[in-house]
Amino acid sequence: MTHPPPPPGQFDELSPLDYLLHRGEAYPATRSAFLGVELLDRPADWGRLREAMDRASRVVIRMRQKVVVPPLPVTAPRWVVDPDFDLDYHLRRIALPAPGTLRQLLDLAEVILASPLDTSRPLWEAVYVEGLEGGRAALLSKFSHAITDGLGGIALFEQVYDTEREPEPRPMPPVPIPRDVTGTDLLRDALRRLPENTLAAGVRLLSRAAGDASRLATAPGPAVAEAIGFAGSARRVLGPPPVAPSPLLRRRSLVSRTHVLEVPLADLRAAAKAAGGSVNDAYLAALSGGLGRYHDALGVPVDELSLALPVSLRTADDPAAGNRITGITIAAPAGEADPAQRIRLVREQVIARRGEPALDVLDRIAPVLSLLPDAALETVTARITPPDIQASNVPGYSQETFLAGARVDRQYGMGPLPRVAMMAVLISRAGICTVTFRYDTASFTAGDLLDKSLQLGFDEVIDLGRPRRGRRRAPRTS
């Protein structure tokens with residue numbers, strides 16, 4: 001069967017990194033989906049909400065595309081508009097039992113996030129939740145990281161939100177043209193194009209080799225120094241975490257729990273300014289201090305914890321779909337009692353790590369990793385020592401937003417747990433920072449103590465921004 005060329009954007013190759021994230025959905029330890037919890041001030045209009053999600057799926061093409069994988073790796077997997085797309089499968093409606101607390105909502109979100117996505121369909125789902133106490137409602141939106149990263153997700157939801165409660169109706173875009181394409185179709189097409197593709201690849205390889213040879217001949221010193229510097233940087237980026245794992249956080253399980261807290265953005269910014277850092281530095285210092293308090297209280301003090309951070313490589317020209325991220329790992333100063341000094345220590349490390357020449361090395365090796373069979377890829381993953389903690393900072397919307405007539409009062413971000421003990425996500429929105437801590441209960445066994453320790457860690461950092469006579473310093477022991 002011959003298929004006509006698809007319209008632009010409807011038949012895209014997965015990048016090697018996105019394909020690795022897609023494959024990871026099959027295993028609990030490597031699932032990459034993230035979930036947004038949006039608290040609404042009142043019930044949304046279901047018809048308008050459904051219409052908004054339908055409109056978004058017609059504009060953001062990834063919401064209607066599934067991944068088609070060839071049976072042999074002679075060509076890249078493709079995003080293909082799903083001919084069987086069913087909005088009612090992806091968008092569901094339920095109600096919480098009384099009393100409808102935030103704790104109940106977070107526990108529901110845990111179950112949804114821990115469940116695998118159906119990789120034969122577009123890789124997202126959303127659940128509208130009614131019955132929250134105070135007459136409120138919520139929207140839980142889950143997306144595979146193969147679709148987009150956190151910043152891309154913020155741009156994606158611009159298609160869903162309104163900036164006023166009762167806006168003028170928006171036109172409905174046309175339905176994207178579906179493509180009934182199988183993996184066998186991709187394989188057949190790749191084999192047909194194999195001679196010309198091989199020739200083009202050979203020309204590119206020779207051109208690159210000629211350029212490298214010219215550089216070596218005309219400027220051998222700088223070229224060799226650059227190569228050696230990149231190799232050393234790659235070892236630092238891909239190497240083990242800078243500190244040994246915490247003895248308290250070694251165990252992993254399939255059971256997780258989520259805790260949330262919030263702080264005014266202005267308070268966090270004032271604290272950061274007082275210590276000469278950024279909002280992100282203050283956030284990481286508060287997280288480090290809270291984790292240090294937790295270890296102290298359990299009689300296992302630590303000086304440092306390995307903490308991984310995503311770094312966005314996204315530019316203004318990048319589309320919302322796909323991933324433009326890499327990662328760095330720092331030694332979080334959990335044992336430093338002075339919150340201002342913690343901010344400075346975090347800042348020094350983050351700046352140094354962001355300046356690594358091999359920051360994009362994961363993108364460079366992803367093409368090779370994506371060719372490994374599942375068993376070999378799982379072996380490679382198992383040999384990598386994971387950090388104890390991951391933390392992410394996602395800037396949200398600065399203005400009020402509405403969803404089908406309901407105002408979005410709070411937004412929490414729940415991230416995956418890729419073999420780490422905790423994933424912390426900060427989202428700043430309309431002047432409020434929410435911080436969501438999703439953690440493995442086999443790693444953190446004293447949940448109430450952890451909640452208290454994290455709150456104290458943020459309190460002491462926020463206190464830096466207050467006038468000196470109004471400061472209060474809690475003792476380090478919890």
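The values are calculated or read from the model by the stated rules, or taken from the named source; none is laboratory data. Because the structure is a prediction, the values reported are computed rather than measured. All Cβ positions, glycine included, derive from the backbone under ideal geometry; neighbour counts span all protein chains shown. Accessible surface is based on the protein model in full, side chains and every heavy atom, while ligands, DNA and RNA are left aside. Shrake-Rupley method; radii C 1.70, N 1.55, O 1.52, S 1.80 Å.
Among (1) open to solvent by less than 60 Å² (accessible area, probe 1.4 Å); (2) farther than 20 Å from Pro247 by Cα; (3) in a loop (DSSP other than H, G, I, E, B); (4) not aliphatic (A, V, I, L, M), which single condition is Asn393 missing?
(3)
Tell me the residue from Ala126, Ala137, Ala109 that is assigned to a helix (DSSP H, G or I), among the small types (Gly, Ala, Ser), in contact with a Lys or Arg (Cβ under 9 Å, 6 or more places away or on another chain) and modelled with pLDDT of 95 or more, please.
Testing whether each residue is assigned to a helix (DSSP H, G or I), among the small types (Gly, Ala, Ser), in contact with a Lys or Arg (Cβ under 9 Å, 6 or more places away or on another chain) and modelled with pLDDT of 95 or more leaves just Ala109.
Being assigned to a loop (DSSP other than H, G, I, E, B) and β-branched (Val, Ile, Thr), is that true of even one residue in segment 83-97?
no
Considering segment 416-449 alone, what residues qualify as being open to solvent by less than 10 Å² (accessible area, probe 1.4 Å) and farther than 12 Å from Leu265 by Cβ?
Val420, Ala421, Met422, Ala424, Thr436, Phe437, Tyr439, Asp440, Ser443, Phe444
Among the candidates Val74, Val80, Val37, Val67, which residue alone is within 22 Å of Leu139 (Cβ to Cβ) and either outside any helix (DSSP H, G or I) or open to solvent by 40 Å² or more (accessible area, probe 1.4 Å) (or both)?
Result: Val37 is the single residue among Val74, Val80, Val37, Val67 that is within 22 Å of Leu139 (Cβ to Cβ) and either outside any helix (DSSP H, G or I) or open to solvent by 40 Å² or more (accessible area, probe 1.4 Å) (or both).
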